[in-house]
Amino acid sequence: MELEAQYIIHETQSQFEHAFDAIISEYGLTSLRDSILYICLVESESAFFELQHIANTFNSKMLAKELAQLLVCLRDTPESHEIALRLTTPTAAVKLTHRKLITWIEKMITEELSSGHFTYHDLGEEAFRLVSDGKTIKFGEPLNYDNLRDISTKFIRSPNRANKKLLIRWLYNVWKVVKSETPLTSPMNVTYTDRQMNFLFELAEIFGWLDRFSFEAEPKDYMHALFAYYTKS
């Protein structure tokens, strides 16, 4: 599955502004409306570009790994063994079992890779590691299958943790604005209040960061857990 960077999506600008102003009014933050909106928009734009980079890197690594797995599997399967390639879509499924056809597909892939007939936009940055000896890119030479085996088994970290850190950074910068001298001011000896957490959750919802129907916890409880994670990381 390919990862996509998510960002604010609203049918109309007025729809978004109405939802934003309703939250600001509900929590008595009208005097800070423009400041909060500015921070939200600036931080969201910055986070979006970071999310794009994270998604592109993850997808590139997964593509290279899957391609390496395919080539290693085809290379290591003896001629005497049966082999099949399966392709499925929501509406159809194809099973390739003819050895000559599968060998021809393998040959096309290896020749395109080894000759460098692909670009960053075709396969992503990580694909260039498929035509290296682990250190140097070497076009025009046979693929190094020891290197391919390393790539095919390499653990690729999920981007979820990095995405969560971006969300927490976005929330924390808003929290710093509302924590003092506002209707959401924290009382003495209390760092994060339930009302602050509910406000931040609702704000994150309209900006497309969170969806209350995607988890069972109460919004304030989920936010307290996020902020606890932030202070530990």
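Details
- Packing-based order for 62-71, 179-188, 83-92, using average beta carbon neighbours within 10 Å, highest first: 62-71, 179-188, 83-92
- Given the alternatives (i) 21.7, 77; (ii) 19.3, 61; (iii) 24.9, 77, Rg and Dmax of the Cα atoms in Å as computed for this entry is given by (iii).
- Cα centroid separation - the range 85-122 against the range 52-66, whole Å: 19 Å
- Residues of the range 100-122 with amide N under 19 Å of the 7 Å Cα→Cβ point at Ser80: 100
- Estimated from helical segments only, the mean residue ellipticity of the chain at 222 nm is -19000 deg cm²/dmol, where each DSSP H run of four or more residues counts as -39500 (n - 2.57).
Rule-based calculations on the coordinates, nothing more; no lab input. Bear in mind that the values here come from a model prediction, so they are computed numbers and not experimental data. Cβ: placed from backbone, ideal geometry, glycine included. Neighbour counts: every protein chain shown.
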